[in-house]
1. From the list GLU138, GLU127, pick out the single residue that is out of contact with any Asp or Glu (no Cβ under 9 Å at 6 or more places or on another chain) and either among the aromatic types (Phe, Trp, Tyr) or under 26 Å from PRO30 (Cβ atoms) (or both).
2. Can you tell me how many residues within the stretch 83-138 are closer than 12 Å to ARG54 by Cβ and of a type in the set (Val, Ile, Thr)?
3. Here's a check for you: in the stretch 88-112, which residue that is in a helix (DSSP H, G or I) and among the aromatic types (Phe, Trp, Tyr) is modelled with the highest pLDDT?
4. Based on what the data block shows, is SER107 among the small types (Gly, Ala, Ser), in contact (Cβ under 8 Å) with a residue 60 or more places away in the chain and farther than 19 Å from LYS11 by Cβ?
5. Does GLU115 satisfy the criteria of being in a loop (DSSP other than H, G, I, E, B), more than 13 Å from the chain's Cα centre (by Cα), over 16 Å from CYS60 (Cβ atoms) and not aliphatic (A, V, I, L, M)?
6. Does ARG135 satisfy the criteria of being over 22 Å from MET9 (Cβ atoms) and not in a helix (DSSP H, G or I)?
7. Among the residues of the stretch 97-125, which ones are surrounded by 12 or more Cβ atoms within 10 Å (Cβ to Cβ), aliphatic (A, V, I, L, M) and over 12 Å from ILE44 (Cα atoms)?
8. Can you name the residue in the stretch 34-72 that is touching a Phe, Trp or Tyr at 6+ places or on another chain (Cβ under 9 Å) and polar (S, T, N, Q) and, of all such residues, is surrounded by the fewest Cβ atoms within 10 Å (Cβ to Cβ)?
Amino acid sequence: MNRHEYNTMKKSFLDSCWACQCSTRQGASPAWWGAPWHLQRAHIVNKPRRKDRRSVVLLCPLCHNSLDQRENYADDNRPRLTTNNAIWLKRLFDPEFYDLAFLKSNSVRQDLEPEVIPAFYLTTQLESVKRAAERADE
């Protein structure tokens with residue numbers, strides 16, 4: 001797989017997180033956030049870690065943190081994302097580069113299957129679609 005696709009994939013999408021749909025544009029971070037705020041490539045599988053578009057999803061720093069199962073921030077109550085949730089997001093947002101066989105071949109886990117994201121994220125996605133529809137009607 002061409003590394004160029006991996007390196008340029010962020011340009012193919014709007015600046016919003018695939019999980020929570022929050023904007024990652026300059027100035028869109030939560031008021032309490034004190035670090036850089038940008039769209040991040042989050043690896044679904046990393047054994048070995050590959051610079052391959054098939055192995056990543058695009059997430060905001062908070063959802064990336066949730067996927068990596070790091071500690072929760074005190075001001076953030078989002079539920080954890082699992083690897084199988086990330087696979088579901090990959091299939092939904094980047095179907096051209098969705099390859100479950102590739103993911104399984106690069107993971108020690110063999111139980112990899114798409115699994116719908118928690119309701120918290122589905123709700124934020126629906127709210128984002130509603131806002132976009134309202135803007136289009138203006």
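1. Just a single option satisfies the conditions, and that option is GLU127.
2. 1
3. TRP88
4. Yes, satisfied.
5. Details: in a loop (DSSP other than H, G, I, E, B): yes; more than 13 Å from the chain's Cα centre (by Cα): yes; over 16 Å from CYS60 (Cβ atoms): yes; not aliphatic (A, V, I, L, M): yes.
Answer is yes for this residue.
6. no
7. Passing the criteria: VAL116, ILE117, LEU122.
8. The qualifying residue surrounded by the fewest Cβ atoms within 10 Å (Cβ to Cβ) is ASN65.
The values are calculated or read from the model by the stated rules, or taken from the named source; none is laboratory data. Keep in mind that what you see is a predicted model, and the values were worked out from it rather than measured. Glycine also receives a Cβ, built like all others from the backbone with ideal geometry; neighbour counts cover every protein chain displayed.
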